[in-house]
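First comes the structure, then the notes that go with it.
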Amino acid sequence: TEPELRVLRGALCDLDTQQHLATFTEPVPLAVLLEHLAPALAEDRAHTGFLTGRVTFGALKPMRSIPFKIICLVGMNDGAFPRADTWLAFDLMAGTPRLGDQSRREDDRYLFLETLLSARQRLYLSHVGQSIRDNAPAPPSVLVSELMDCIAQGFTLESGGRILDDHVCFRHRLQAFHEEYFRPGSRLFSYSAENFAGCMALRGDIGAAAFVPEAI
């Protein structure tokens, strides 16, 4: 792509400038050239600043919560967020904490509240709901559980259904080509033509024959 070509041209131009400054005109082995270019091309150039495009990826940090139309929080697993406080064995402040002492767990709870207030139209929370070892149900973060309890206690549906199971929470399938994503009336949906073809192949369905089987 063009950005990658610019990086490559820039590294070669820097090498040419160094060659002219050193007034070195002797040929060098290819291994020496690659050894010089490898560190320059291995730098992380994908990092961009905050709010530089239409979609922004970032970590939860204090004073960063800016109102957005859609905010997505992924990895909200139990034990991963909020982060647990870790203390050294000889840290005397940990044994007798006082008001104002820093707590990573309390900071994460405040960041979660800031994020809730910053979402203007949609708030998407995601977590791994089943264990990768024994497929047992895995609970979400305690903050997500508290939010779900608050929604269940404070809101109801006009139809009388369960607001969490019927309106708020979505349980995605393991495979993207699961038939639930392409079943009429399902809450899950997908626009992927490749996954739809995989779903049809899994069911053994054969598509309808073409209206004109051969070119005329």
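The values are calculated or read from the model by the stated rules, or taken from the named source; none is laboratory data. What you see is a predicted model; the values in this text were computed from it and never measured. Virtual Cβ from ideal backbone geometry, glycine too; neighbours counted across all protein chains shown. These area figures cover heavy atoms from the full protein model, side chains too; ligands, DNA and RNA do not enter into them. Shrake-Rupley method; radii C 1.70, N 1.55, O 1.52, S 1.80 Å.
Report note on the peptides 107-115, 189-197, 154-162, 120-128: ranked by the mean count of other C-beta atoms within 10 Å, highest first, their order is 107-115, 120-128, 189-197, 154-162.
With viscosity 1.306 mPa s and temperature 10 °C, the Kirkwood radius over alpha carbon pairs of segment 1-119 converts through Stokes-Einstein to a diffusion coefficient of 80 µm²/s. Taken per residue, the accessible surface of the chain reaches 83 Å², heavy atoms only and a 1.4 Å probe. A Förster radius of 25 Å, combined with the Cβ-Cβ distance separating Q102 from V168, puts the computed FRET efficiency at roughly 0.15.
Sequence gap at least 6, Cα distance under 8 Å: using those rules, report the relative contact order of the chain to the nearest whole percent.
Reported as a whole number, the value is 16 percent.
Among the protein heavy atoms, those of V168 account for about 60 Å² of accessible surface (1.4 Å probe, every chain in place). In segment 42-189, the portion of solvent-accessible area held by carbon and sulfur atoms comes to 56 percent [1.4 Å probe, whole percent, DNA, RNA and ligands not counted]. Between rounded, prolate and oblate, where does the chain land on the alpha carbon gyration tensor, with a ≥ b ≥ c its root eigenvalues, rounded for a/c under 1.5, else prolate if a/b exceeds b/c? Oblate.
For segment 18-34 and segment 96-118, what is the separation of their Cα centres, given in Å? Spelled out, the Cα-based centre of one part sits 55 Å from the other.
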